[in-house]
Amino acid sequence: RMYEILGLEPGSFDLNLQSLSELIHPDDLPRVNRARRSHLEKNTPYRVEMRIRRADGTYIWIETSGQALRDEQGQATGIVGAIRDISDRKRAEAALRESQQALDAVLNTSLHYILTVDREGTCLFINRDSPRFSAEEMIGQPVIQFLMEEDQARLPRALQRLTENPEPEEFEVR
């Protein structure tokens, strides 16, 4: 499987610790070496994500896990382990981070208050402090208590509409 992940023909490359270390991305190598040493010296679990260079020169993300094989004196004589390509997962994680950053930018720069409220009217999220209450004070509390008295009567109807049609709705209050 390692040959396939590296884009090599089986047997075309000597798969040993030194040759594999040369394929690890330079930024990942110190972390990988620390994990390897810790496993060999202290028998800590070995599970590491790293970038590794394929035969075509591109880097992919892999996850490796293993367990040292030891002789009667406790000396490592080999390792048995698993490797899998996690490049798709890493790309998805990066896309999710970018999406979250874009959403955070919108929420943090909006001139409007953006709230998430559950069916009972409890504030689950608000993008910023109001002049009268902090976001921290509002989260987990019934939104109705933060509205001016003349706006409080409209909230139950708005929540009912959202229950029937869960599309975002603009609700102007003071």
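At 1.4 Å probe size, with the rest of the protein present, what percent of the exposed accessible area of the chain is carbon and sulfur atoms? It would help to have the intermediate numbers written out before the result.
Numbers: 6420 of 12240 Å².
That share works out to 52 percent.
Would you tally the net charge around ASP129, using a Cβ to Cβ cut-off of less than 12 Å, leaving ASP129 out, and scoring K and R as +1, D and E as -1? If you can, show how the numbers build up before the last one.
Working: positive: ARG128, ARG132; negative: GLU136, GLU137.
Charge balance in the 12 Å sphere: 0.
How high is the relative contact order of the stretch 102-174, in percent, counting Cα pairs under 8 Å that sit 6 or more residues apart? Mind dumping the intermediate values first?
Numbers: 72 pairs, mean separation 15.8, N = 73.
This gives 22 percent for the stretch 102-174.
Rg and Dmax of the stretch 3-53 over Cα atoms: what are they, in angstrom?
12.1, 35
Have a look at PRO45, THR77, SER99 and report the one farthest towards the positive end of the charge dipole of the chain, computed about the Cα centre with Cβ charges (Lys/Arg +1, Asp/Glu -1).
Of the listed residues, the answer is THR77.
Over 5 Å intervals from 0, what percent of Cα-Cα pairs in the stretch 72-174 sits in each interval?
Bin by bin from 0 Å, the calculated values are 2, 9, 14, 17, 13, 9, 7, 6, 5, 4, 4, 4, 3, 3, 1, 0, 0.
How much of the calculated P(r) for the stretch 5-99 lies past 15 Å, in percent of all Cα pairs?
66
Take peptides 138-148, 3-13 and line them up by average Cβ neighbours within 10 Å, highest first, as a rough protection proxy. If you can, show how the numbers build up before the last one.
Details: 138-148: 15.1, 3-13: 12.7.
Final packing ranking: 138-148, 3-13.
Just ALA92, ALA82, ALA153 to compare: in a GNM of the chain, with alpha carbon springs under 10 Å, which one fluctuates most?
In the Gaussian network model the winner is ALA153.
So what is the orientation-averaged projected area of the chain, using the convex hull of its C-alpha atoms, in nm²?
Values: hull surface 67.4 nm².
That works out to 16.8 nm².
Below 8 Å between Cα atoms, with a sequence gap of 6+, how large is the relative contact order for the chain in percent?
Details: 193 pairs, mean separation 19.2, N = 174.
Result for the chain is 11 percent.
So, counting K/R as plus one and D/E as minus one, what does the shell of residues with Cβ under 15 Å around SER110 add up to? Could the numbers behind the result be given before it?
Values: positive: ARG128; negative: ASP104, ASP129, GLU170, GLU172.
Net charge in that neighbourhood comes out at -3.
When ligands, DNA and RNA are left out and all protein chains stay put, how many square angstrom of accessible area per residue does the chain have with a 1.4 Å probe?
Working: 12240 Å² over 174 residues.
Spelled out: the 1.4 Å probe surface of the chain, per residue, equals 70 Å².
The values are calculated or read from the model by the stated rules, or taken from the named source; none is laboratory data. The structure displayed is predicted, hence computed values, not measured ones. Reconstructed Cβ throughout: ideal geometry from the backbone, glycine too, with neighbour counts over all protein chains shown. Each accessible area value is taken on the protein alone, full model and side chains, heavy atoms only, with ligands, DNA and RNA left out. Shrake-Rupley method; radii C 1.70, N 1.55, O 1.52, S 1.80 Å.
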